[in-house]
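Notes follow the structure.
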Amino acid sequence: MCPPVGRRYHAAGTESGPPSPGGGAYGRASASPGSCTRASAVLNQPPHTLSPNDKIVSAMTVVTRFAPSPTGYLHIGGGRTALFNWLFAKRHGGKFLLRIEDTDRARSTQAAVDALLDGLSWLELNWDGEAVSQFERKDRHAEVAREMLANGHAYYCYATPEELEALREEQKAKGLPTRYDGRWRDRHPSEAPAGTKPVIRLKAPQAGETVVHDKVQGTVTVQNTQLDDMILLRSDGTPTYLLAVVVDDHDMGVTHVIRGDDHLTNTFRQLQIYHAMGWTPPEFAHVPLIHGPDGAKLSKRHGALAIDAYRDMGFLPETMRNYLLRLGWGHGDDEIISTAQAIEWFNLEGIGRSPSRLDFAKMENLNAHYIREAEDTRLVALTTPFVEQKLGRALIEAERDRFLRSIPGFKPRVKTLVELADGALFLFRARPLPLDEKAAAQLNAEARGQLATLAEKFAGLNDWTAAAVEQVVRDFAEAGGLKLGKVAQPLRAALTGSTVSPPIFEVAEILGKDETLSRMEDVKNGP
RNA sequence: GUCCCCAUCGUCUAGAGGCCUAGGACACCAGCCUUUCACGUUGGCAGCACGGGUUCGAAUCCCGUUGGGGACGCCA
C-alpha cells in the first residue's frame, strides 16, 4: 500500500546547527517520525466537521504537499505556498506531505535541504511522515516512462542537445515559437544514429485542447498545438521535473496541488501525462506570485528573502503565518488571524487572483501585535541571543531576570525582537553608560545639580519600587516648581543613556537602588 | 516573438448587478492621553487603469486598449 519511497529526509531536529541569533532557542516543529501512515491512517481519520460547500472535498481525504527544490533557500513565496498547503490539509483533517525535488543533482545541495527543513520548522509547518527525496524515486519514474513507451504514448528521440539548440535559434530568428518539431515522433529507432543515447518524449496530442479547471484561476484552456512533445526521461535515464511530479503526486495520493502561479502552464503538460497514464489528476490551485515592494519579481536584490532572514530580523513565526496568510488570501475584514482560526477558515475560494507585494511596514505592525501577545519568558528566550550577540558576551542569570522584568515595559514599544534587544541593552551595559547625543544634551549643569539632589533623596528611600521612586521625583519636581518631564528626562538620560526608554520609574525599580544611584553618580560631573 | 494569467486607496484587501456617497487594515497627517518613546483612542488624506458595450441600473458581466506578471530547457 505504501508508495515506493526511497531515502527520506528526516525532519529538522533540534540539533540542526547553531546558526543565527535565536537559532538554537526556537522550538522546532518536528514531523512525526512514523513510517508510512498514509493508506491506513487516512482511512481511519475521524469524520471532520465541514461546512456545506465542502461536500466534494470531504468525499475524499485531502492530501497536499509542498515540493520545493533544494537549489536555493526557502524564500517567502515558498513559505506561503507551504502555509497554504499546510492550512488546507489541517482544515480538512488531511495530510500535508513534503517532497524534496532534488532530481537535479548538479544543483541540489544538502545545505539547501537543511535550510528548507529548518525554514519550515521555524514556521512550525510540520509535515506528515518523512520528507521524500524525489531523486530516490528515479527508478519508478523511469518505469512509468517505459510504460508510456509500451502503450504508445511516448517515443525515443535521438536529437542531441546541440541539434535542439540550433532548432530553437532558428525558430527564434524566424519569430516562431520555440518548440520541439517532433522529428523523431514517427521514426523508427532503427534509424537511430549510432552512439547517441535517446531521451524519451511524450507523444502529446497534436489536435484539440487541454483544459485546467483551476480552483484559483478558473478554467484555463490551451490549444494542444501550443504544446510540444516534452522530454520525460533524459538520455542519462533520469526523469525530468514534469514526469517526476506527476508520478510522485499520483503515487503519494496527492489530492490537491496548491502551488505558485509559475506552474500554471506546466499543468497542461502534466495533465497530458495523467491522461497518457489513465490516472485521475488532482485538483489544482495556482496561487499568484509574491512581488517585491517595487512590484518587480521577487529576487535577492530585494534584500533578505530567505525565511530565516526574517527570523534574524526579529520576526515571530506566528507573525509570518498571519502575514503570509493575508497576502493573497482574505476572510472579510479580518486582519489578525490566529493559526487556529486560520485552520478553521482557510479555503481555496479566498485566494486572490492577482499578485501581491511585500509590505514590511504591515509585517512589522503585525509583529508588534504578536510581541505584545507573547509570553514574557518566551520573548526573553528568543531575544537573549540577539542581546548576547550585540553585547559580545553571555547574560548571567541575574541579567536574564532583569531582562524578564523589563519585558512588560518594552512590549508596547518594539516591533521586532531586534528592536527589543537594542532597547534592552542599557540594562546590561557596563558602567559608565555610553550616552547618546540627545541624552548628553539633557545632562546640562542645571539638570546635573537636580540629579545630585534627587540622588540624596533616593538614597534615603527604603522601599525601592517604581511607585515610591515616582513619588519622590514628583515631590521633588513640585517643590522646585518643575514640570515632571524636566526631571524625568535627565534621570532617563542618566539611567539609560538615551532619551527613549520604558517608563523611567519602572526602569529604576528594575535596575535596583544601587545601580540607579551608581549611574546617577556616573553623570555627576557631566557627560 | 508565441501562449497563458492578472488589474479596487501608496500597500494588503472587502466587494458575487441595486445594500457603494466604494468598507476595513497598514503606512501617512492632525487631535486626545502622557515622565520620553510607544501603546491606546478620535478624526483626516487616499482607490474601482482607460475606452466601448450589455442593463432601468456596472467596481461587479462582455469586448478592446494600456499596464504588470508568468511560461516557452535533457532546471525545478
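The values are calculated or read from the model by the stated rules, or taken from the named source; none is laboratory data. Since the model is a prediction, treat every value here as computed from it, not as a measurement. Cβ coordinates were reconstructed from backbone atoms using ideal geometry, including for glycine residues, and neighbour counts include every protein chain displayed. Only protein heavy atoms, including side chains, enter the accessible area calculation; ligands, DNA and RNA are left aside. Shrake-Rupley method; radii C 1.70, N 1.55, O 1.52, S 1.80 Å.
Observations
- The condition of being under 19 Å from the mean Cα position of the chain (by Cα), of a type outside the set (K, R) and either near RNA strand B (Cβ under 8 Å from one of its atoms) or not in a helix (DSSP H, G or I) (or both) holds for only one of A:A342, A:A285, A:A368, that being A:A368.
- Matching residues, region A:481-496, being under 17 Å from A:R429 (Cβ atoms) and of a type in the set (V, I, T): A:T496
- Where A:A479 falls short, out of the listed (1) open to solvent by 50 Å² or more (accessible area, probe 1.4 Å); (2) in contact (Cβ under 8 Å) with a residue 40 or more places away in the chain; (3) among the aliphatic types (A, V, I, L, M): (2)
- Members of region A:206-227 that are more than 22 Å from A:G352 (Cβ to Cβ) and either buried (at least 16 other Cβ atoms within 10 Å of the Cβ) or under 34 Å from the mean Cα position of the chain (by Cα) (or both): A:T210, A:V211, A:V222, A:L227
- Within region A:437-446, considering residues that are closer than 15 Å to A:S498 by Cα and not polar (S, T, N, Q), the one most open to solvent (accessible area, probe 1.4 Å): A:E437
- Selected residue [assigned to a loop (DSSP other than H, G, I, E, B), out of contact with any strand residue (DSSP E or B) (no Cβ under 6 Å at 6 or more places or on another chain), under 17 Å from A:F66 (Cα atoms) and open to solvent by less than 40 Å² (accessible area, probe 1.4 Å)] from A:L125, A:L117: A:L125
- If the condition is being outside any loop (DSSP other than H, G, I, E, B), more than 12 Å from RNA strand B (Cβ to nearest atom) and within 16 Å of A:A67 (Cβ to Cβ), then region A:247-282 contributes A:V247, A:D249, A:H250, A:D251, A:H256, A:V257, A:I258, A:I273.
- Qualifying residues in region A:496-514 (those that are more than 10 Å from RNA strand B (Cβ to nearest atom) and in contact (Cβ under 8 Å) with a residue 24 or more places away in the chain) - the one farthest from the chain's Cα centre (by Cα): A:K513
- Unmet requirement for A:G485, which otherwise passes all of (1) in contact (Cβ under 8 Å) with a residue 24 or more places away in the chain; (2) within 14 Å of RNA strand B (Cβ to nearest atom): (1)
- Enumeration of residues in region A:308-339 that are away from RNA strand B (no atom under 11 Å from the Cβ), of a type in the set (S, T, Y) and surrounded by 17 or more Cβ atoms within 10 Å (Cβ to Cβ): A:Y310, A:T319, A:T339
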